[in-house]
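The values are calculated or read from the model by the stated rules, or taken from the named source; none is laboratory data. This is a predicted model, so every value here is computed, not measured. As a convention, Cβ positions derive from the backbone with ideal geometry for all residues, glycine included, and neighbour counts pool all protein chains shown.
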Amino acid sequence: MAEAIAGKPGALPVLRGRHDLPEISGRISAIVLDGRLPRYFWTAFFACFVFVLIFLYSITYLISVGVGAYGVNIPVVWGTMIGNFVWWIGIGHAGTLISAVLLLLRQPWRASINRFAEAMTLFAVAMAGLFPILHLGRPWFF
């Protein structure tokens, strides 16, 4: 027969017996800290690392050659770069809006979503900050 936990009849306990916080923390952290990482983790890690290297190479190439490297030789094409800048600014605003709405509505479950939304905002602002620097044509004059 199931014991009643936190006023919910029929709910089963997660851990049987009496446990203190250090023991519970040790059991939870042992999942992550013990053992080896699976092979698919390292495959995904190296694939992402290759993408980071490609990104760094493309930024280095852009700075060394100039904005003509991606075909911006006429004024009309600048709309793509401006559109990307506005996109990242919009993503930053969306993260702030999500966090603010959840705070104003006093949602008790908002903590993890707020962390994600605020991290998304910081990442978007960092990306948007790169666009004016990289699209100057001569970023060393920034």
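Scan the range 95-110 and tell me whether some residue there is in contact with a Leu (Cβ under 7 Å, 6 or more places away or on another chain) and modelled with pLDDT under 90.
Within the range 95-110, one or more residues are in contact with a Leu (Cβ under 7 Å, 6 or more places away or on another chain) and modelled with pLDDT under 90.
Pick out the one residue from W87, W78 that is modelled with pLDDT under 80 and of a type in the set (F, W, Y).
W78
For R106, only one of the following conditions fails: (1) under 16 Å from the mean Cα position of the chain (by Cα); (2) not in a helix (DSSP H, G or I). What is its number?
Checking R106 against (1) under 16 Å from the mean Cα position of the chain (by Cα); (2) not in a helix (DSSP H, G or I), the one that fails is (1).
Look through L122, L134 and report the one residue that is within 21 Å of W87 (Cβ to Cβ), aliphatic (A, V, I, L, M) and in contact (Cβ under 8 Å) with a residue 40 or more places away in the chain.
Unique residue meeting the criteria: L134.
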